[in-house]
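The values are calculated or read from the model by the stated rules, or taken from the named source; none is laboratory data. The structure presented is a predicted model; accordingly, all values stated were derived computationally and were not measured. We place every Cβ from the backbone using ideal geometry, glycine too, and count neighbours over all the protein chains shown. When the accessible area is computed, the model is the full protein with side chains, heavy atoms only, and any ligands, DNA or RNA have been set aside. Shrake-Rupley method; radii C 1.70, N 1.55, O 1.52, S 1.80 Å.
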Amino acid sequence: MGKVTFQQTVHTFQIDINRHVSNIVYVQWLEIGRTRLLEAIGRPIETMQERDYLAILVETTIKHIEPLFFPDTVTIEVWVSELTHVSAWMDFRMLSGRTGKVVARAQQRGVFVDRETNRPYRLSPEDRAAFEQVLVEAP
């Protein structure tokens, strides 16, 4: 499967005082991307809860390269770049629909935890195989 790709529209209410997309919108797009990735691999949040584990974010980094303006769209790519038995790194790349240029890159680290104890949760071979569908290692 590889990367999960989707588009978002830049709306007027997402523009800040500097007339470009507000930083907080990028965080919202990461949330949407993470949700879409989980759905694409058959592990939406509801399914993870049923299997008694959750993924808790412990780190988020965003590098803004160029601003986005209204009107524009953004193409967002998300994939898992590193997978262990108890954690995963997700990488994001955002491109302007108007120029095609990369406007931001981001990373998030999630730790899998037991839903009841909040202790680290070791992925089963079946769950690990689901995440491996979107594992794209650096060349």
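Of all residues in the range 1-15, those satisfying the criterion of being within 14 Å of Val25 (Cα to Cα), open to solvent by less than 80 Å² (accessible area, probe 1.4 Å) and part of a strand (DSSP E or B) are Gln8, Thr9, Ile15. Listed by first and then second residue, the pairs linking a residue in the range 35-53 that is at positive phi and free of Cβ contacts under 8 Å to residues at least 40 places away in the same chain to a residue that is open to solvent by less than 40 Å² (accessible area, probe 1.4 Å) and outside any loop (DSSP other than H, G, I, E, B), with Cβ atoms under 7 Å apart and 6 or more places separating them unless they lie on different chains, form an empty list. Of all residues in the range 45-67, those being over 19 Å from the mean Cα position of the chain (by Cα) and either assigned to a strand (DSSP E or B) or at pLDDT 95 or above (or both) number 2.
Scanning the range 93-119 for residues that are open to solvent by less than 20 Å² (accessible area, probe 1.4 Å) and either closer than 20 Å to His20 by Cα or part of a loop (DSSP other than H, G, I, E, B) (or both) returns Met94, Ser96, Val103, Ala104, Ala106.
In the range 28-44 there is no residue matching the filter, namely being surrounded by 15 or more Cβ atoms within 10 Å (Cβ to Cβ) and part of a strand (DSSP E or B).
Scanning the range 58-77 for residues that are hydrophobic (A, V, I, L, M, F, W, C) and open to solvent by less than 70 Å² (accessible area, probe 1.4 Å) turns up Ile62, Leu68, Val74, Ile76.
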